[in-house]
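Down below is the structure, laid out as structure tokens.
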Amino acid sequence: MQQAAHFGGILDQSRNLICERLDQAVAGMLDKATEALSTQIGQTRNFEERRLYEDAKGILVSQRAAMEKQFRASYLVEFRRRSDRARKIGQPLGADDTLEQLELVGEDDFEETLKVNNMAAKLRAYCDEELVALDQRVGVLLGDANLQANDNPFSPQVICDAYKQACRHVDASVSVRRIFLKLFDDHVLDDVRSMYKAVNALLVQNSILPKIRYAVSRSQDRRGPAAGGGAPGDGPPPDITTGAAQDLFTILQNLAASNATALGQGTGRGAGTPGAVGGAVVQLQGPELQSSLTRIQLGDLSGVQGGSLAAAAASGPGTTNVLRELKATSVGAGMGSLDLMTLDIIAMLFDQLFDDPKVPNGVKGLIGRLQIPMLKVAIADKSFFSTKTHPARRLLDTLGDVASRLPADFGPADPLFKRLETLLEELVGGFHDNLDIFVTVRERVEALIAEEEQRAEQNAQAAAKRVEETEKLAIAKRSAEVEVKARVQAHSLPASVLDFLVHHWLKVLLLLHVKEGKDSEALKGAVEAMDLLIWSIEPKSTREKRRELVAVIPGLVKKLALGLKVAGIEHEVRTKFFAELLQMHRQVITGPGEGRLDPAATDQAVPGRVDGAAGQAPAPSVVTGPLDLDFSTPVTVPNPFGDGQVDVQSLDLDFTSLESSEPPRAQRDTGPASLLVKLIVGTWVEFRETADQAQRRPAKLVFVTPRKTRYLFSFDQAGKEIIPYAPSELARSFRTGTVVLIEEPRPESLFDRIMKGLVGKLRGPAPQH
């Protein structure tokens, strides 16, 4: 009696320590929550989501004290209940009570319970080492050497359930409670591990199991129910009170039983069922069942009778549900009721996977090869359904992560397909009962993902480099156009000079702008050469100016020749222009009524000139009046960033006028220009062919050029589809609703997604007869 009182005092100290630390953690979470929700309200563009965040913030402000009080009260009630149960005080929680708690409830409550149980399972996995020790030490205090993990009054399930009750105590909708659960997950669960460490330290100080048998405890804690289930009377029923790891399977059991039509043929069978040998069912359970499934997994169907499993296997890997075929064989007929139910649930899980539009068909075929291994895992360990860290489940989720990065046409032609196929075939060929192979294969798949991410980053960088180079060329082209246009519109020029400046010297200015910079001496020299060219062909009224021209011509021609060569202008074009320029210079040098100056100076300046050719050239025609030059045609120049030629397009460098039709307030608040301002790298948008179309393609902004002439979007995580968009195009799409800003898509694991779909189907109304 004295020892019991002593242990009771230590238990109370431990409980008070946990309560104090939990109170602090929840208070800290609520302090952060107001600011976090304010941020979400400011950033959320969806009206419904913003209203939910506002409601959640209002409830936290007005009912915070009630939530804190209810959380502590709920925790203490559940703590006492589990402590009494372990001490054999009061009525034990039996199977009927658990089934009543897991009875079909409203869909929202059902999903909320699943979320809470998943939180608890995640927390138990995270605090595994601390809880293994705490389970044993608390078992000593409560006088239960075999204390089950979920019966520990300090268990994560107690903490999470208490918070769920606190959320339900306040006047909040289910959607708002989901926000509260997310806040708890983000800001409290990480602190729980330190609480468990503190309680363990307190117990050690009080000489409660200073040394722990970790290996034995973990083995007991992690083992699933015995393989096989047997028919009623074949042995003790499975323990359905082992906590969160069992909850989802139990719920699926209940749902499936209440909606047997969802299972296809149902679970009933008799002596005439296909697969029965001579009218008698050969029972298979435990190691014998696992051995039979392993032989099927390896392709040995010699001992399998009945059904169409052989035909399904002969059709090759794909999206055929071989588990449904297995049910009609002698192996399916020999399964116990629980194992048969597990077979039905895994079969439905793969049906859901094969119907998932987010998974490319090629990946579905690859994952479909794991049907028998996943069935073996689920039969041996029901925690597969609810434990996110289960090796087999983590492999499925990793394959789902791979699928999200792949195009819809992914298949055998893709090199990655063969690599994934090899890995999964190794698993199919090597898995017997050791889950380590799932860990090994997952790690190798994750290595492939890392390679794909690196390749995607390289693709994005290469695309960004190309589009930035395109912008630099376009800006240089626009700058060159401005310089040329200003001069040709201010002077009456011969047609040949006009053509030279617009089509050839513009290329020189463009290239120097890109290579040397807009403020470089080389570019200034090229602009001055253009001015000097125009001055050189204008009439000279005095003999002194004509002499000055004669002195300037050799240097001018040299500059022009060098620039044209850099721009890759053809030799014939250069020769023809300089011949025409020589003729123009001769006419200017020989002023009206004046004696001729020595023309040899100009003759020597023309490269490749044929004697006498210039003298035969006709007088140049002069283009007068204002010119409306069209520079929209692409310009082809030597690529300044690499080899070969490049076509330089005119880009939309000024899109401020696009909003002229918007009312002033709309321009300021929600106009396309304001949305463009919000587009920063990392922003997610949704592209739609029409504003109300159901088919939508999310895309991530991965690069914006320095002058914002192009916005580069990636439509798949593999970086294989990266498309640039002009600001005018985006502004128009924002206005029409074919592009909208969205929050960053929250990744949902493959298992969670297909399980959610499966539960939804099972909860659907049964067919009317």
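The values are calculated or read from the model by the stated rules, or taken from the named source; none is laboratory data. Since this is a predicted model, take the numbers as computed values, not measurements. When we count neighbours, we look across all protein chains shown, and the Cβ atoms used for this are built from the backbone with ideal geometry, even at glycine. Only protein heavy atoms, including side chains, enter the accessible area calculation; ligands, DNA and RNA are left aside. Shrake-Rupley method; radii C 1.70, N 1.55, O 1.52, S 1.80 Å.
Just need a number here: residues in segment 22-61 that are modelled with pLDDT under 90, open to solvent by 70 Å² or more (accessible area, probe 1.4 Å) and of a type in the set (S, T, N, Q).
2
Mind checking which helices (runs of 4 or more DSSP H) fall wholly inside segment 470-539 and carry at least 3 residues that are of a type in the set (D, E, K, R)?
Fully inside segment 470-539 and qualifying: 506-516, 521-536.
Residues are listed down the side, and each one gets a yes or a no for (1) farther than 21 Å from residue 351 by Cα; (2) under 24 Å from the mean Cα position of the chain (by Cα); (3) modelled with pLDDT of 90 or more:
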position: 372; (1), (2), (3): no, no, yes
position: 391; (1), (2), (3): yes, yes, yes
position: 396; (1), (2), (3): no, yes, yes
position: 404; (1), (2), (3): no, yes, no
position: 415; (1), (2), (3): yes, yes, no
position: 418; (1), (2), (3): yes, yes, yes
position: 424; (1), (2), (3): no, yes, yes
position: 430; (1), (2), (3): yes, no, yes
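Using the structure shown, decide if residue 132 is modelled with pLDDT under 90 and farther than 17 Å from residue 208 by Cα.
Spelling it out, it is not the case that residue 132 is modelled with pLDDT under 90 and farther than 17 Å from residue 208 by Cα.
Give segment 484-507 a look and list any residue that's within 46 Å of the chain's Cα centre (by Cα) and open to solvent by less than 10 Å² (accessible area, probe 1.4 Å), or say none.
506 - this is the single residue of segment 484-507 that is within 46 Å of the chain's Cα centre (by Cα) and open to solvent by less than 10 Å² (accessible area, probe 1.4 Å).
Report, by residue number, each residue of segment 361-384 that is open to solvent by 10 Å² or more (accessible area, probe 1.4 Å) and among the β-branched types (Val, Ile, Thr).
Correct list: 372 only.
So residue 64 clears everything in (1) among the basic types (Lys, Arg); (2) closer than 20 Å to residue 181 by Cα; (3) at pLDDT below 85 except one condition, right? Which one?
Condition not satisfied by residue 64: (3).
Quick check on segment 462-473. Is at least one of its residues in contact with a helix residue (DSSP H, G or I) (Cβ under 8 Å, 6 or more places away or on another chain) and at pLDDT 90 or above?
Looking for residues that are in contact with a helix residue (DSSP H, G or I) (Cβ under 8 Å, 6 or more places away or on another chain) and at pLDDT 90 or above, one finds at least one in segment 462-473, hence yes.
How many residues are out of contact with any Gly (no Cβ under 8 Å at 6 or more places or on another chain) and open to solvent by less than 40 Å² (accessible area, probe 1.4 Å) if we restrict to segment 513-551?
So the answer is 13.
Quick grid of which residues meet (1) among the aromatic types (Phe, Trp, Tyr); (2) open to solvent by less than 50 Å² (accessible area, probe 1.4 Å); (3) at pLDDT 85 or above:
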| site | (1), (2), (3) |
| --- | --- |
| 626 | no, no, no |
| 642 | no, yes, yes |
| 664 | no, no, no |
| 715 | yes, yes, no |
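Does any residue in segment 125-142 that is open to solvent by less than 20 Å² (accessible area, probe 1.4 Å) come within less than 7 Å, Cβ to Cβ, of a residue that is β-branched (Val, Ile, Thr) six or more places away or on a different chain, and which pairs are these?
Sorted first by the residue in segment 125-142, then by its partner, the pairs are 127/192; 132/212; 133/212; 134/199; 137/208; 141/10; 141/208.
Pick from 114, 99, 76: which is modelled with pLDDT under 85, more than 31 Å from the chain's Cα centre (by Cα) and not in a loop (DSSP other than H, G, I, E, B)? Walk me through it before giving the result.
On the way: 114 fails: more than 31 Å from the chain's Cα centre (by Cα); 76 fails: modelled with pLDDT under 85.
That would be 99, the only listed residue that is modelled with pLDDT under 85, more than 31 Å from the chain's Cα centre (by Cα) and not in a loop (DSSP other than H, G, I, E, B).
Hey, among the residues in segment 426-447 that are touching a Pro at 6+ places or on another chain (Cβ under 6 Å) and open to solvent by 40 Å² or more (accessible area, probe 1.4 Å), which one's farthest from residue 384 (Cα to Cα)?
Result: 439.
Please work out if residue 481 is open to solvent by 10 Å² or more (accessible area, probe 1.4 Å), acidic (Asp, Glu) and within 45 Å of the chain's Cα centre (by Cα).
So residue 481 fits the description; yes.
From 166, 162, 145, 201, which residue is open to solvent by 10 Å² or more (accessible area, probe 1.4 Å) and part of a helix (DSSP H, G or I)?
Going through 166, 162, 145, 201 in turn, the sole match is 201.
Taking segment 390-419, which residues are farther than 26 Å from residue 697 by Cα and either open to solvent by 70 Å² or more (accessible area, probe 1.4 Å) or part of a helix (DSSP H, G or I) (or both)?
Matches in segment 390-419: 391, 392, 393, 394, 395, 418, 419.
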